[in-house]
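Down below is the structure, laid out as structure tokens.
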Amino acid sequence: MKPKNSRPEWDEYWMGVVEAISKRSTCLRHNIGAAVVNDKTIVSTGFNGASRGLPHCSEIGCLRDKLKIPSGTRHEICRGVHAEQNAIIRGDPLRMVGATMYVNAKPCTICAKMIINSGIKRVVYIVYYPDNEGIELLKQAKIETKIFEKK
């Protein structure tokens, strides 16, 4: 029998779920997953990949790689929808209000703006993305941000 104190804390638990979600990603550069959680219940999930019905980069190649575009820049030159965006798009807007988003990357500027407008009040993320402006926007909007560190 497992000792009682070996249960993961909630943030650790949800980040484990996010890691599983990220395995559905079709991006050739980064496998990102996101989960929106409210009252210890999943509201929505998302992973990065092409828009519904369009070929994925895993099938046709990465335009950003071909053009040598560095990560964290020129977001518009990508056929993929970010994990955070997909989680917000797929979720019930009323259940987003006051929720926590868990993501295995630092939200970019575009995702940060969507998080702010969705009503999410807390973002737990792993430091992994060169765009720092997104976190600054979240802080300006008084959204709690927390860097997740694996134990």
Hits in segment 36-63 (condition: in a loop (DSSP other than H, G, I, E, B) and open to solvent by 30 Å² or more (accessible area, probe 1.4 Å)): ASP39, LYS40, SER51, ARG52, GLY53, LEU54, PRO55, HIS56
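Based on what the data block shows, is GLY80 in contact with a Gly (Cβ under 7 Å, 6 or more places away or on another chain), within 14 Å of LEU28 (Cα to Cα) and touching a residue at least 40 places away in the same chain (Cβ under 8 Å)? Walk me through how you get there before you give the answer.
Values: in contact with a Gly (Cβ under 7 Å, 6 or more places away or on another chain): yes; within 14 Å of LEU28 (Cα to Cα): yes; touching a residue at least 40 places away in the same chain (Cβ under 8 Å): yes.
Yes.
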message: Of the conditions (1) within 20 Å of ALA99 (Cα to Cα); (2) touching a Lys or Arg at 6+ places or on another chain (Cβ under 9 Å), HIS56 satisfies every one except a single condition; which number is it?
response: (1)
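When only residues in segment 1-20 that are among the hydrophobic types (A, V, I, L, M, F, W, C) and closer than 17 Å to PRO107 by Cα count, which is surrounded by the most Cβ atoms within 10 Å (Cβ to Cβ)? Please lay out each step first, then the result.
Applying the first criterion (among the hydrophobic types (A, V, I, L, M, F, W, C)) to segment 1-20 yields 1, 10, 14-15, 17-18, 20.
Add one more test, that the residue is closer than 17 Å to PRO107 by Cα, and what stays is 14-15, 18.
Values: TRP14: 21, MET15: 22, VAL18: 28.
Here the residue is VAL18.
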query: Got at least one residue in segment 21-34 being loosely packed, with under 15 Cβ neighbours inside 10 Å and on the phi > 0 side of the Ramachandran plot?
result: no
query: Which residues, counting only those in segment 64-103, are buried (at least 21 other Cβ atoms within 10 Å of the Cβ) and in contact with a Phe, Trp or Tyr (Cβ under 7 Å, 6 or more places away or on another chain)?
result: ALA83, ASN86, TYR102, VAL103
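The values are calculated or read from the model by the stated rules, or taken from the named source; none is laboratory data. It should be emphasised that the depicted structure is a prediction, and the values quoted were computed from it without experimental measurement. Here the Cβ is made from the backbone with ideal geometry for all residues, glycine too, and neighbour counts use every protein chain on show. Surface accessibility is based on the protein's heavy atoms, side chains included, excluding ligands, DNA and RNA. Shrake-Rupley method; radii C 1.70, N 1.55, O 1.52, S 1.80 Å.
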